[in-house]
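The values are calculated or read from the model by the stated rules, or taken from the named source; none is laboratory data. This is a predicted model, so every value here is computed, not measured. Virtual Cβ from ideal backbone geometry, glycine too; neighbours counted across all protein chains shown.
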Amino acid sequence: MLPPGENLKLSKMKKPHGPANNDSPPPPPQEVEVGTGVEDNQRGRRDLQFSRSNSIKQRRVLAVRVRASDAETTPSAGVLSDKVFGTYGDTSNLRERFATCSYGETQMIPFNGRTRTGVSISNGVYSVTINRRVRGVDEGIIRDAVTEVLSRELGDLPSQFDHVMLCLPPQTSGDWIGYGMYPLSCRLFTVG
């Protein structure tokens with residue numbers, strides 16, 4: 001382990017192009033500097049460089065089960081909670097994957113409690129109903145409809161949750177499986 005504040009320097013050799021020429025010397029190595037942790041890059045964003053800190057980050061997560069007039073995300077909120085958080089014994093779930101991949105440093109905690117609007121949420125899942133069809137409709141239109149209902153029913157999302165997963169019903173149009181948005185920290189997934 002490096003002492004705090006020191007960087008590791010690695011040398012990398014360039015592969016010569018063209019036929020091998022044993023008479024010419026090899027090119028000089030290029031130095032690559034690897035930082036010791038989280039550093040700011042030129043755009044003011046943070047870069048993670050294989051840092052192992054002593055702090056565990058607990059993230060409040062809300063998974064949103066979407067019901068529409070022609071499709072639903074999962075058979076029940078319980079099934080979604082189990083798939084995302086392992087609430088009922090599913091051992092291969094999103095929460096477990098984040099914990100394993102971060103060496104236990106990121107804990108995705110299901111939100112349990114009341115929102116600022118007084119809505120009670122348990123096991124990290126909230127079901128929302130939108131009054132429209134979703135099959136063949138662009139996922140962006142469905143995402144906007146769900147976000148509008150969520151904001152009305154739960155209040156300001158970013159101030160209450162670290163991550164909101166909108167689990168859209170299958171058969172919305174677009175070639176996508178999941179993506180994220182900033183600053184809402186909203187993650188979209190198709191389930192089913």
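Of note:
- Residues of the stretch 112-125 that turn out to be over 18 Å from the mean Cα position of the chain (by Cα) and either on the phi < 0 side of the Ramachandran plot or not assigned by TED's automatic domain parsing to the domain that holds TYR88 (or both), as a count: 9
- Count of the stretch 112-133 residues which are part of a loop (DSSP other than H, G, I, E, B) and out of contact with any strand residue (DSSP E or B) (no Cβ under 7 Å at 6 or more places or on another chain): 7
- Extreme residue, farthest from the chain's Cα centre (by Cα), among residues of the stretch 78-111 that are of a type in the set (Asp, Glu) and in a helix (DSSP H, G or I): ASP82
- For GLY124, the stated conditions hold: it is among the small types (Gly, Ala, Ser) and touching a Phe, Trp or Tyr at 6+ places or on another chain (Cβ under 8 Å).
- Every test in (1) among the charged types (D, E, K, R); (2) under 18 Å from GLY155 (Cβ atoms); (3) surrounded by 17 or more Cβ atoms within 10 Å (Cβ to Cβ) is passed by ARG95 save one, and that test is (2).
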